[in-house]
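The values are calculated or read from the model by the stated rules, or taken from the named source; none is laboratory data. A quick note: this is a predicted structure, and the numbers were derived from the prediction, not measured. With ideal geometry, Cβ positions are generated from the backbone for all residues, glycine too; neighbour counts draw on all protein chains shown. Side chains are part of the model used for accessible areas, which takes the heavy atoms of the whole protein and leaves out ligands, DNA and RNA. Shrake-Rupley method; radii C 1.70, N 1.55, O 1.52, S 1.80 Å.
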Amino acid sequence: MLSKPRLIDFVNIPLVASVLPLIKYSLTSILQLSKEEGPAPVPTPAKVSSTPALNYITLGSFSWDQDNEKVKIYISLEGVVQDKMEAEFKQWSFDVKFHDVQGKNYRFTSPRLNQEIVPEKSKVLVKPTRVVIMLFKASKGNWLDLQYKEDKLKPNLDKERDPMAGIMDLMKNMYEEGDDEMKRTIAKAWTDARSGKTADPLKGYP
């Protein structure tokens with residue numbers, strides 16, 4: 001978090017100071033436009049479905065293996081009826097629901113697989129005491145894991161970003177989304193800072 005003295009220096013950066021009036025001008029224009037357009041229409045209440053939502057028990061215990069072409073997931077679940085099962089396969093995910101299994105509903109899903117699959121070929125086999133989910137690989141090869149796992153180093157790198165990165169991102173967004181006048185003002189302020197006509201906004205900041 002920036003200390004109070006540094007925040008004051010931050011506001012005095014020529015590039016930021018030149019854009020602040022434009023921010024005020026943009027907000028004033030938006031408020032004026034809102035008044036001219038008149039009161040916002042009253043939203044129509046959405047129709048509430050009378051069908052109660054089904055409750056599912058998430059299946060977390062499973063095992064899996066693979067060969068060069070497919071992945072098999074084994075789930076111990078007795079009493080599954082093929083006609084009361086719902087399966088949805090996508091390229092990077094799947095969602096399988098088992099309805100009315102001894103009076104309960106179960107669900108097994110993977111929001112992000114480790115690799116891409118072929119939805120059209122993937123299927124679920126129902127056995128007397130278990131179900132087998134077969135995922136056919138889009139590319140032959142070995143999967144290191146069933147689920148995709150995020151790189152845990154990325155958040156740490158984000159925390160170590162330059163303190164000026166935030167204001168630079170703001171300037172970039174304002175330039176891309178602003179009108180022609182705002183773009184000219186930001187471009188001129190940046191060019192002047194880089195050419196030495198005004199102090200470099202990045203100078204003196206880590």
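Of all residues in region 94-105, which are on the phi > 0 side of the Ramachandran plot and either aliphatic (A, V, I, L, M) or outside any loop (DSSP other than H, G, I, E, B) (or both)? If the condition is that a residue be on the phi > 0 side of the Ramachandran plot and either aliphatic (A, V, I, L, M) or outside any loop (DSSP other than H, G, I, E, B) (or both), then ASP100 is the only one that fits. Each residue in region 127-145 was checked for being exposed (fewer than 10 other Cβ atoms within 10 Å of the Cβ), more than 17 Å from SER93 (Cα to Cα) and aliphatic (A, V, I, L, M), and 0 pass. Considering only residues in region 147-187 that are under 30 Å from SER93 (Cβ atoms) and open to solvent by less than 80 Å² (accessible area, probe 1.4 Å), the one that is modelled with the highest pLDDT turns out to be GLN147. Of the residues screened, SER122 is one that is open to solvent by less than 40 Å² (accessible area, probe 1.4 Å), at pLDDT 95 or above and touching a strand residue (DSSP E or B) at 6+ places or on another chain (Cβ under 9 Å). Of everything in region 94-130 that's under 29 Å from the mean Cα position of the chain (by Cα) and basic (Lys, Arg), which residue is farthest from THR58 (Cα to Cα)? In this case the residue turns out to be LYS121. In region 54-93, counting only strands (runs of 3 or more DSSP E) that sit wholly within it, the ones holding 2 or more residues that are open to solvent by less than 50 Å² (accessible area, probe 1.4 Å) and touching a residue at least 24 places away in the same chain (Cβ under 8 Å) span 70-76, 85-89.
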